[in-house]
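Down below is the structure, laid out as structure tokens.
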Amino acid sequence: MSSVPEIRVLPDAVINKIAAGEVVDRPASAVKELVENALDAGAHEIRVDLIGGGRQAVVVADDGVGMTRDGALLSIERHATSKIRDVHDIEHVATLGFRGEALAALAAVSRFTLTTRPRDQESGVEITVSGGRILDVRETGCPPGTMVAVRNLFFNVPARRKFLRGEQTELAHARQAFLVHALAHPGVAWTLRVDEREVYRLPGGSSLDERVRQLFGPDFATGLRPVEGEREGVRVRGLASLPQVTRADRSEQYIFVNGRPASAPVIGFAIQEAYKALIPRGRHPVLFLFIEVPPGEVDVNVHPTKKEIRFRQSGRVRDAIMEQLRAALALRDDRATPGATPIPELLAASRAAPALRVVDLPELPAFSYPRLDPAGDAPHTASAPPPSDSTAAESASSGARTRGPWSWCRVMGQAGGLYVVLETEDGLILMDPHAAHERVLFERFMEGLLKRDIRSQGLLTPESVDLAPSRAQRVRDNLERLREMGFGLAEFGGDSFVVDALPAFLGPVSAASVLGEIAGSLDRGGPRAGTERWAEEQIAMAACKAAVKARDRLTVQEIERLVRDLAECEMPYTCPHGRPTLIHMGFDELRRKFGRE
């Protein structure tokens, strides 16, 4: 006879150790869970101590509400929490923690000490636990708030402890957990000590911009733009890098949803689409992005660590992120770049530098761009070498324009038979005319698309296009939008369509391939994102074909016109494919290189 295995209920001690493997896998996880508990307790100041990279000890102390003796004893029981009461509360979780597993899991796999006192009590309680077994409960004197010490993590689970990395690796992960939460809550004061040496002391009441400077240094925020806006109940705020500030990976993208460090695939997609025509493939922007939605619109009960979430209205979140990032990156937005030196100060610094004139050097013409006076709406020209009469008259007749990348510019010459050398008020610039012309044409085409001013090119012979059922339905749902984009399109029965006109900017292309591509985009990104993404790709290709080539000869007047047009673009720094149009070297950098500072 074959024996039937007996089914048994596992002891609580074993259950807690299994749960610990889901919630806590290294010292950084302990930092995360304890810090989140401190924030949920209303702490205004949080101190984190790490010994031996956290392998020997992780200690987190806060000045939150604290716990009573009974509450403290209950907190180390599995699934004991003050944050939810029944299953319906899970759908409206507004706290960082809610499972009631972290303290029980930590107590089960470490030498654990919990010290806590509410503000209205004269003494607190200290609970000592070792490997899930309570050793001592006693009254103690302590400041209001809670302190949790987790020592010798996984001392009783050798199979887990051997998977811990070296001290420096574990320290790096723990410091990253500290940094992420300090970014998420700049209003809270934070202190980090490593082996009794203070590493960070961050004041409370800080703004996000101040907290970024505190953690990353004063120069880090120079290339970041503020993000702020709301769409259909989804608020997006934070800081986003300009296209010239990118990284090889996403390690400097900090995403927070309702104050929680978390992400979802739709967020990554929205970021990629917002930067699609601005940065090269394989590069990633720097982001500090806070997404706020009603608690009932996000499901945080997806993963034990709560790193992954799910939105109930993912399309709204996607569109809100894309819209606010694009608004932040548009140079016609009047908001100043955090940490950027104002143009007048740059000019003052430039004028203060000793000048040396070379008599035999021919005087080259300069041409200026009006920019808005910060004190009013009247345009004025910044201090600069006097422009030529023709360019000055043209500038004066052009009317008020919004801020460009420079207030005046001089064409110095050409290098390598291709690159144009420019001088501006704060440095030297090398410009790639082909990439610059691509950007100018791309934005003109896109402006026509957004204004619904797209010219159509009729086909000599209408084409019949058959699509897969799902893609055909997407096209049917967006017929009017496609017609606004310049398509002559009609249903032909079943999943077939007749195309008798295409947007003029596409040139000679197959109607079947174009409609197939746009249907695929609609499948991937939703109606709004799909049509815009497809249009951007096609317009970028058209701009590339129409732009000047390296072999083309340009006159000085044509270069000056190109420089003017580029200065008026919303994003003059890259072509639609993400390649740089301009490489800048400021006078400060030149002075440093020549040892004049």
V266, sole failed condition from (1) within 26 Å of L39 (Cα to Cα); (2) at pLDDT 80 or above = (1)
Here are some conditions: (1) over 29 Å from the mean Cα position of the chain (by Cα); (2) modelled with pLDDT under 65; (3) in a helix (DSSP H, G or I). E22 meets all but one. Which one does it not meet?
-> (1)
On the given criteria, is V556 among the aliphatic types (A, V, I, L, M) and surrounded by 14 or more Cβ atoms within 10 Å (Cβ to Cβ)?
-> no
Can you find a residue in the range 435-449 that is buried (at least 17 other Cβ atoms within 10 Å of the Cβ), touching a strand residue (DSSP E or B) at 6+ places or on another chain (Cβ under 7 Å) and more than 30 Å from V556 (Cβ to Cβ)?
-> no
First in the range 133-146 and on the phi < 0 side of the Ramachandran plot, second anywhere and surrounded by 13 or more Cβ atoms within 10 Å (Cβ to Cβ) and hydrophobic (A, V, I, L, M, F, W, C), Cβ under 6 Å, 6 or more apart = V137/I127
Are any of the residues in the range 266-285 in contact with a strand residue (DSSP E or B) (Cβ under 7 Å, 6 or more places away or on another chain), part of a strand (DSSP E or B) and closer than 18 Å to A327 by Cβ?
-> yes
Which listed residue, of F163, F155, F220, is in the same structural domain as R260 (by TED's automatic domain parsing) and either of a type in the set (A, V, I, L, M, F, W, C) or surrounded by 15 or more Cβ atoms within 10 Å (Cβ to Cβ) (or both) = F220
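Of all the residues that make up the range 51-101, how many are part of a helix (DSSP H, G or I), modelled with pLDDT under 80 and surrounded by 18 or more Cβ atoms within 10 Å (Cβ to Cβ)?
Residues of the range 51-101 that are part of a helix (DSSP H, G or I), as a first pass: 52-54, 69-75, 87-92.
Checking which are modelled with pLDDT under 80 leaves us with 87-92.
Adding the requirement that they be surrounded by 18 or more Cβ atoms within 10 Å (Cβ to Cβ) leaves none.
Here the count works out to 0.
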Unmet requirement for Q244, which otherwise passes all of (1) more than 30 Å from P295 (Cα to Cα); (2) surrounded by fewer than 17 Cβ atoms within 10 Å (Cβ to Cβ); (3) out of contact with any Phe, Trp or Tyr (no Cβ under 6 Å at 6 or more places or on another chain) = (3)
Checklist (1) within 30 Å of W408 (Cβ to Cβ); (2) free of Cβ contacts under 8 Å to residues at least 60 places away in the same chain applied to P462, failing item = (1)
F178 vs. criteria of a type in the set (F, W, Y), surrounded by fewer than 14 Cβ atoms within 10 Å (Cβ to Cβ), in the same structural domain as V59 (by TED's automatic domain parsing) and under 27 Å from L106 (Cα atoms) | no
Quick check: is even one residue across the range 485-498 in contact with a Gly (Cβ under 6 Å, 6 or more places away or on another chain) and part of a loop (DSSP other than H, G, I, E, B)?
-> no
Search result, residues across the range 410-434 that are buried (at least 21 other Cβ atoms within 10 Å of the Cβ) and in a helix (DSSP H, G or I) | P433
Reported set for the range 249-302 where residues are among the polar types (S, T, N, Q) and under 19 Å from P576 (Cα atoms) is Q272
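Given the residues E170, E198, which is the only one that is more than 30 Å from R316 (Cα to Cα) and in contact with a Leu (Cβ under 7 Å, 6 or more places away or on another chain)? Please lay out each step first, then the result.
Details: E198 fails: in contact with a Leu (Cβ under 7 Å, 6 or more places away or on another chain).
Sole residue among the options that is more than 30 Å from R316 (Cα to Cα) and in contact with a Leu (Cβ under 7 Å, 6 or more places away or on another chain): E170.
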Checked D453, D426 against criteria (at pLDDT below 85, in contact with a Gly (Cβ under 7 Å, 6 or more places away or on another chain) and not basic (K, R)); the one match is D426
Hey, does the range 201-219 have a residue that's modelled with pLDDT of 85 or more and in contact with an Asp or Glu (Cβ under 8 Å, 6 or more places away or on another chain)?
-> yes
Going by the conditions given, is E122 among the charged types (D, E, K, R) and surrounded by 13 or more Cβ atoms within 10 Å (Cβ to Cβ)?
-> no
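The values are calculated or read from the model by the stated rules, or taken from the named source; none is laboratory data. Keep in mind it's a predicted model, so treat the numbers as computed, not measured. Quick reminder, even Gly has a Cβ in these numbers, built from the backbone with ideal geometry, and neighbours come from all protein chains shown.
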